1. Sort the following peptides by mean Cβ neighbour count (other Cβ atoms within 10 Å, averaged over residues), highest first: 10-16, 242-248.
2. Using the Cα gyration tensor of region 258-353, with a ≥ b ≥ c the square roots of its eigenvalues, what is the shape: rounded (a/c below 1.5), prolate (a/b larger than b/c) or oblate (neither)?
3. Length gain on complete extension for the stretch residue 288 to residue 305, per 0.36 nm per residue less the alpha carbon to alpha carbon distance?
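Derivation of every value follows stated rules applied to the coordinates shown; laboratory data play no part. If you're wondering where the values come from, they're calculated on a predicted model, not measured in any experiment. Positions of Cβ are backbone-derived with ideal geometry, glycine not excepted, and every protein chain shown enters the neighbour counts.
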């Protein structure tokens, strides 16, 4: 009951992080029909290309055994080993291409649906997978019901197709009894090819339906509760309270650094109470005047106070103070547009017309 309630509470679509984590754990959407389709194509390829070769090897083996049936003696282990060697080589010649083709088909089906990845977690033993309770839950889940419907549909269609093909070829099979055994095998090969083509077409039709359904069910199984989405976002972006605290500490350190730089300023340009910008200009240092501190309201008043305590001139120029505050950051040189206005103030100070204290422009 608790699990059902938990499932009902998962109303949010899975985030990209949850989808990527699931893929990293080997939980990926897989259409079984895609695997069946590639297996059928692989079998069709093997029978169509190598069918005649298989028939030749098989008939040669059969003829050899029948021709020498009277002379074959199994009196000891060596005779039995020799017989197994002859039969085994023929069996290996026939089965090896089939095994390799089916293996390649399985890999192709997997790669075609998902990005290849080596996931050790999937190959490690997991006792929970052996739980009968979980097995029953999967069996009677939505995905289990869909798989049951697909299996029923697949078996029904396969039965109908196989019956139709056998009925169509029944006359040829009955007539082939009087023919050479090789002709019977060749007819069998043709029948298998026809059957595989029909089953492959059926499987492809089911694949068109099955692949999007597998994607939908996979995403639905990874849905999240609203609280999970919030927790994940909080984890990704950081706790807002901690983030705000860090920002506050950073601003505090910036203010301390600015205030410690004010005594080295050449002058402070201020809007009486709202803005203050401290500039440093020493010709030997080169470059344009540099903003060493700036502030608004209480910080502006603190800059003015420190400037007055250190006998640094404070120039009241509302327009210039506002513009410098808005356009120039701390530790940056003033842009060209302010050269003339600041140069005039510096010339007045250097001419000795005004000493330390507050000067109104």
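1. Most protected by this proxy first, the peptides run 10-16, 242-248.
2. Rounded, because the longest to shortest axis ratio a/c is under 1.5.
3. 3.6 nm
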